[in-house]
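First up is the structure itself, then whatever we jot down about it.
The values are calculated or read from the model by the stated rules, or taken from the named source; none is laboratory data. Every value quoted in this text rests on a predicted model; they were computed, and no experiment measured them. Every residue, glycine as well, gets a Cβ built from its backbone with ideal geometry; the counts of neighbours run over all protein chains shown.
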Amino acid sequence: MIDRRSFLQGKLSLPFWGGWLWGRKAAAATAPRDFFKELGVRGFINAAEPFTALTGSLMTREVKEAWDYAVPKYVRLDELHDAIGRRIASLIGCEAAMVTSGAASALTLGTAACMTGSDRDKVRRLPDTTGMKTEVIIQKSHRYGYDHAVRNCGIRYVEVETADELARAINERTALMHFFNTNDPVGKIKLAEFAAIGRKHGIPTFNDIAADVPPVENLSKSIKLGYSLVAVSGGKGLRGPQSCGLLFGREDLIHAARLNGPPNSDAIGRGMKVNKEEMLGMMVALETYFKRDHEADWREWERRVSLIRGSVASIKGVSSELFVPEIHYRVPHVRVRWDGNSIRLKVRDVIKLLREGEPSIEVRPNTDDGLEMGVWLLEPGETEIVARRLRQVLKSA
């Protein structure tokens, strides 16, 4: 039987329990949604590279703050385009610049600029190339999957191998000369010579350095050598918005590229939209990148490599090394090899086990020369996780 004291105690406790239950409901209502979990999409630790298929790199805090600043505001897009282009050009040390929807978009818009100039009739007609220069000279060893972005404009590639062949290939139909920076070591015409030949013959030169930052000096190197246009990805080493890129160089060509791009409605680049958040984020990404202590970054990457190497050093038959790619993603990486008699796993098996384990870890896809990992995109605490998981996988074989 409930006495008066128990009844009163129960009544007095109701506000407490009601507040507690309300607090739990409110917390549940305000907790951020785990969208990837809802969708059944699995995240991972990026010990690979800022590949587009892996969603590039993560934006810096400064970029996210700039993005959030722009979200609730309206602005005239061309006015913002102009202002941000001037700021970016001043940072790089070139005549003009623009934010694009990725490096591939920069390739298309830069090519279109060399074909149409500021002739609005030609801008409207692309990819109808009637009356335009339609040949793009490239070294045979520089052909690559992304040159489709150049071919989008209706051009025809003319392949050469030597400087003499290049000079002879130049004619009244030549729109530009295209260089793929990553393939500089395998081409017979090197970076500086290629630009010099273009200047001698009055032909625009275009260098694609999409994934070749860092190092920071690559942002201005091509301009200093005399290249007319340069394309770079914004969502890789610069850690800007993943869908952004930069096109910079000669003022007249950047003006023409703007005419061929958004928000202009009747142009080949109309679909390559860049919003206010991306533009501002890309500008801040560049500002932040120039201010970074790049030597300190390098030392941290070396520390991460050492930690991973140390985790497998005692495993029989395993060796490891630090390596730095010559141009593409030129930062410290780690390569791990093992004796097949001691560890009966192929590199592809280890890649699969790391990907399918918990947490999921992506590494470089190369399987020809051991297991390769990039460490420069790892977040705090992830290096230790990668080291531990790699050791577990190799010791379990």
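Residue by residue through the stretch 199-250, note down the ones that are of a type in the set (Asp, Glu), buried (at least 24 other Cβ atoms within 10 Å of the Cβ) and in a loop (DSSP other than H, G, I, E, B). I'd like the intermediate steps shown before the answer.
We begin by selecting, within the stretch 199-250, every residue of a type in the set (Asp, Glu); these are 208, 212, 217.
This time we only want the ones that are buried (at least 24 other Cβ atoms within 10 Å of the Cβ), so: 208, 212.
Result: Asp212, single match.
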Flagged pairs (Cβ under 8 angstrom, 6 or more apart or on separate chains; first in the stretch 248-267, outside the structural domain of Ala231 (by TED's automatic domain parsing); second assigned to a helix (DSSP H, G or I) and buried (at least 20 other Cβ atoms within 10 Å of the Cβ)) are none
(message) Looking at the structure I just gave you, is Ala175 at pLDDT 95 or above, touching a Cys at 6+ places or on another chain (Cβ under 6 Å) and closer than 30 Å to Met283 by Cβ?
(response) yes
Taking the stretch 312-357 and keeping residues closer than 30 Å to Asn181 by Cα, of a type in the set (Phe, Trp, Tyr) and in contact with a Gly (Cβ under 8 Å, 6 or more places away or on another chain) leaves Tyr329
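Quick grid of which residues meet (1) over 15 Å from Ala104 (Cα atoms); (2) in contact with a Cys (Cβ under 9 Å, 6 or more places away or on another chain):
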{"residue": "Ala192", "(1), (2)": "yes, no"}
{"residue": "Ile209", "(1), (2)": "no, no"}
{"residue": "Glu217", "(1), (2)": "yes, no"}
{"residue": "Gly249", "(1), (2)": "yes, yes"}
Exception for Val75 within (1) surrounded by fewer than 16 Cβ atoms within 10 Å (Cβ to Cβ); (2) in contact (Cβ under 8 Å) with a residue 40 or more places away in the chain; (3) over 27 Å from the mean Cα position of the chain (by Cα) falls at (3)
Within the stretch 327-383, the count of residues that are among the aliphatic types (A, V, I, L, M) and farther than 30 Å from His142 by Cα comes to 7
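Going through Met272, Met279 one at a time, which residue ends up being farther than 30 Å from Val324 by Cα, in a helix (DSSP H, G or I) and touching a Leu at 6+ places or on another chain (Cβ under 8 Å)?
On the way: Met272 fails: in a helix (DSSP H, G or I).
Selected residue: Met279, the only one of Met272, Met279 that is farther than 30 Å from Val324 by Cα, in a helix (DSSP H, G or I) and touching a Leu at 6+ places or on another chain (Cβ under 8 Å).
Answer yes or no as to whether Leu253 is more than 28 Å from Ala48 (Cβ to Cβ), touching a Leu at 6+ places or on another chain (Cβ under 7 Å) and modelled with pLDDT of 95 or more. So that I can check it myself, show each step before the final result.
On the way: more than 28 Å from Ala48 (Cβ to Cβ): yes; touching a Leu at 6+ places or on another chain (Cβ under 7 Å): yes; modelled with pLDDT of 95 or more: yes.
Taking the combined requirement at face value, the residue satisfies it.
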Of the conditions (1) out of contact with any helix residue (DSSP H, G or I) (no Cβ under 7 Å at 6 or more places or on another chain); (2) buried (at least 19 other Cβ atoms within 10 Å of the Cβ); (3) aliphatic (A, V, I, L, M), the single one that Ala196 does not satisfy is (2)
Of the candidates Leu247, Leu286, the one satisfying the condition of being out of contact with any Phe, Trp or Tyr (no Cβ under 7 Å at 6 or more places or on another chain) and within 23 Å of Thr205 (Cα to Cα) is Leu247
Looking only at the stretch 156-163, decide whether some residue is assigned to a strand (DSSP E or B), under 20 Å from Gly110 (Cβ atoms), in contact with a His (Cβ under 6 Å, 6 or more places away or on another chain) and touching a residue at least 12 places away in the same chain (Cβ under 8 Å). no
A careful count of residues in the stretch 94-115 that are assigned to a helix (DSSP H, G or I) and farther than 11 Å from Ala257 by Cα gives 2
Being crowded, with 20+ Cβ neighbours inside 10 Å, of a type in the set (Asp, Glu), within 30 Å of Arg61 (Cβ to Cβ) and not assigned by TED's automatic domain parsing to the domain that holds Leu238 narrows Glu300, Glu362, Glu358, Glu382 down to just Glu362
Counting only residues that are of a type in the set (Phe, Trp, Tyr), under 17 Å from Ala47 (Cβ atoms) and surrounded by 16 or more Cβ atoms within 10 Å (Cβ to Cβ), the stretch 320-340 contains a total of 1
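Taking the stated definitions as given, is Ile343 closer than 18 Å to Ser320 by Cα, at pLDDT below 95 and surrounded by 19 or more Cβ atoms within 10 Å (Cβ to Cβ)? If you could, list the steps in order and put the result at the bottom.
Details: closer than 18 Å to Ser320 by Cα: yes; at pLDDT below 95: yes; surrounded by 19 or more Cβ atoms within 10 Å (Cβ to Cβ): yes.
Yes; evaluated as a whole, the condition is true for this residue.
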The residue that is nearest to the chain's Cα centre (by Cα), considering only those in the stretch 129-155 that are in a loop (DSSP other than H, G, I, E, B) and over 17 Å from Ala256 (Cβ atoms), is Tyr144
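Results for (1) of a type in the set (Phe, Trp, Tyr); (2) touching a residue at least 60 places away in the same chain (Cβ under 8 Å); (3) surrounded by fewer than 21 Cβ atoms within 10 Å (Cβ to Cβ), shown as yes or no for each residue.
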residue	(1), (2), (3)
Glu79	no, no, yes
Ile84	no, yes, no
Ala103	no, yes, no
Thr134	no, no, yes
Tyr146	yes, yes, yes
